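To start, the structure itself, in C-alpha cells.
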Amino acid sequence: MPDPRPAIDPSAGGAAVAGEQRISADSHMAEPPDLWETRLPAGLRDRAMRFPKNVLYETNHHLRAGGWDPHERLRDFALDGVSADVLFPTYAKQAWLLGDPALEEAHIRVYNDWMIEFCAVAPQRLWGLAMISMWNGAHGAAELERCVKAGLRGADIWIGPPDELPFSSLHYEPLWAMAESLGVPVNLHINTGPNALRGNERGNRSKLLPPQVSKLDCMQALGHIIGSGVLERHPGLNIVIAEAGMGWLPFFAQEYDYYFFSRNEAGRSAIPRPPSEYIFERKQVWATFISDRVGGHMAERYGQDTFMWSNDYPHPACTWPISDAIIQQDLGHLTVEARVAVTCTNAARLYNGGVLPPAADPPGEHQGLERWNTDHVAPAMALADALRGT
C-alpha cells in the first residue's frame, strides 16, 4: 500500500537546487521475484525464497523497471537529476532470516552475482554493495573481497544481529579487517537481520511508535562497534548507518560520551577517547537520510563531511522523482558547498575514491509515470495538504 513520507511537499519547489549534482547514497533494487528459483544451484532450488505475489510493473517496489533493469534505472536517474546511486537489496535481505547458514550464503551469492552483472552496465553510475552472510566470519570476508574485486563498492550486513553474535564479538574481526584493507565501507541498513526492530517486535507493539521510527537497532549496533574498540583497532574502517536519518546522531554521541565515561569503568580501558570522537572527529561513522528536517539543521554544525542524502528509489517512501523540492525543504538553508557535500561529494569520497560520476543526463524517454503518480505522488501531496491543514 502507499507509504509516502509525511514530510514531503511536492509543490514546495526546488529550482534553487535543481542544477546541483547529486548522488543517492541509499537506493534499492527490486530483484526479479524468481531470481533465486532460477539461479540457485539445482540442488537448492526447492528451498529458494519465493515471492509469488510480486508482479513486475504492478506491485509495490516493482512499479519501476529500473529496480531490475539497469538501462531503465539510468533513464529514471535523469528524471531526478541523479548522477549515481548506492544500491541496497530489497527482497534479498530476507536471506538473513532463513535460519540456515549454508542456504543463506547460497542465496546471497546469487544476489551478489546478479548485482555485479547489473552494475557492469554503467559502473561509473551504479555503485552496488555486496550482501555478506556473517555466520562464518572468514567466509564473509572472502565474499567481500571477491565482490569488491568484481566492482562492488562495500559490504552490506545486518543491523540486528542474533543475540549470540553481537557486534562487540571478535567474530566480526575478519570482516572489519578485510573492509579496512580494501578501503570500502561496511553498511548497516535499518530493518535487517534476525533481531532488527528489537525495540518494537518483542512484547507489546505501540501504535504510537511504528517500527520504522525506532532507532534502537542503530544505537545498539554503534554502541557495540564503538564501545568494544572496533574503530580504535581499525582506524581506516568506515561504518554507514543507512536510512535511519541523521538528526538523532549528535544527541546519541553526546549521551554516549556522558554515560560511557561516567558509569562504565571497564569501557575506559576499551577505547582511549570519547565515543563521539570516532563519529565526528575521526569521521568513521556515516549516516544516510531521505528527508530529515531536524538533521538538515544539525548539519550546520555536525556531519557536513559524513551525512549523505538519498532518494530511496524505488521504494514507496522515496522522494523520486521530486527530490528537488525535498532537498530545498531540508537543506536549502545550507551554503551551496555544505549542501553539495551532503548530497554528492561525501558519497563520492566514500564509495568512489573522491571521483565524481558524470553529471546527470538530461531527462529523455522513460517509462510512464501514471501508475507511480497514482500510487505514490498523489498520496504524498494529500498528506502534505493534511499537515498544512488545508
Expected max-MSF residue from T345, T192, T38 in the GNM of the chain (alpha carbon, under 10 Å) is T38
Computed over the Cα atoms of the chain, the Rg and Dmax in Å are 20.2, 62
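What are the chymotrypsin sites (Phe, Trp or Tyr not before Pro) within region 17-117 that DSSP puts in a loop, where the Cβ has at most 12 other Cβ atoms within 10 Å?
Details: sites: W36, Y57, W68, F77, Y91, W96, Y111, W114; in loops: Y57, W68, Y91.
Counting only loop positions with at most 12 other Cβ atoms within 10 Å, the chymotrypsin sites (Phe, Trp or Tyr not before Pro) in region 17-117 are Y57.
When the Kirkwood radius is taken over all Cα pairs of region 288-329, what Stokes-Einstein diffusion coefficient follows at 25 °C and 0.890 mPa s, in µm²/s? Don't skip to the answer; put the middle values down first.
Details: Rh = 10.8 Å.
Value of D from the Cα-based Kirkwood radius: 228 µm²/s.
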Quick note, region 2-125: a/c under 1.5 would make it rounded; otherwise a/b > b/c is prolate and the rest oblate (a ≥ b ≥ c, C-alpha gyration tensor); here it is prolate
For region 284-390 the trypsin sites (Lys or Arg not before Pro) that pass both the DSSP coil test and the at-most-11 other-Cβ-within-10 Å test are R301
Karplus-derived 3J(HN,Hα) from phi for region 153-168 (6.51 cos²θ - 1.76 cosθ + 1.60, θ = phi - 60°), whole Hz, x at Gly and Pro, runs 10, x, 9, 10, 10, 5, 9, x, x, x, 4, 7, 10, x, 5, 6
Computed from the beta carbon distance with a Förster radius of 30 Å, FRET efficiency for R293 and A18 to the nearest 0.05 stands at 0.95
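Residues with beta-carbon under 15 Å from that of P32, excluding P32: net charge, scoring Lys, Arg +1 and Asp, Glu -1? It would help to have the intermediate numbers written out before the result.
Working: positive: R39, R45, R50, K53, R64, R73; negative: E31, D34, E37, E58, D69, E72, D113, E117.
Local charge sum for P32: -2.
Using 27 Å as the Cα-Cα cut-off, could you pick out the over-long pairs in K53/K93; K53/K215; K149/K283?
Values: K53/K93 17 Å; K53/K215 30 Å; K149/K283 25 Å.
Violating the 27 Å Cα-Cα cut-off are K53/K215.
At 0.36 nm per residue, minus the direct Cα-Cα distance, what do R273 and L170 gain on full extension? Give it in nm, one decimal, please.
35.0 nm
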Label model pair R282, R233: point-to-point distance (7 angstrom along the Cα→beta-carbon line) in nm is 1.3
Shape call for region 337-389, from the Cα gyration tensor axes a ≥ b ≥ c (a/c under 1.5 means rounded, otherwise prolate when a/b beats b/c, else oblate), comes out oblate
Everything considered on the Cα gyration tensor (a ≥ b ≥ c; rounded for a/c under 1.5, else prolate if a/b is larger than b/c, else oblate), region 57-208 must be described as oblate
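Per residue of the chain, what 222 nm ellipticity follows from adding -39500 (n - 2.57) for every DSSP H run with n ≥ 4, rounded to the nearest 500? Show your work: numbers first, answer last.
Working: 15 runs with 135 residues, N = 390.
After summing the helix terms and dividing by the residues of the chain, the value is -10000 deg cm²/dmol.
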Note: probe point = Cα of E72 + 7 Å toward Cβ; backbone nitrogen < 14 Å; residues of region 80-100 passing the test are none
Length gained, F261-L97, 0.36 nm per residue minus C-alpha separation, equals 55.5 nm
With Cα springs under 10 Å, the Gaussian network model of the chain assigns the largest mean-square fluctuation among A155, A15, A142 to A15
Note to self: C-alpha centroids of region 111-145 and region 348-379 sit apart, in Å, by 22
Counting as exposed only GluC sites (Glu not before Pro) in DSSP loop states with no more than 11 other Cβ atoms inside 10 Å, the longest exposed-site-free span of the chain is 59-163
With M131 itself left out, Lys, Arg at +1 and Asp, Glu at -1 over residues whose Cβ is under 15 Å from its Cβ give -4
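Throughout, read-outs are computed from the coordinates displayed, never taken from laboratory work. For clarity, every value in this text was computed on a predicted model and none was experimentally measured. Backbone-built Cβ (ideal geometry, glycine too); neighbour counts: all protein chains shown.
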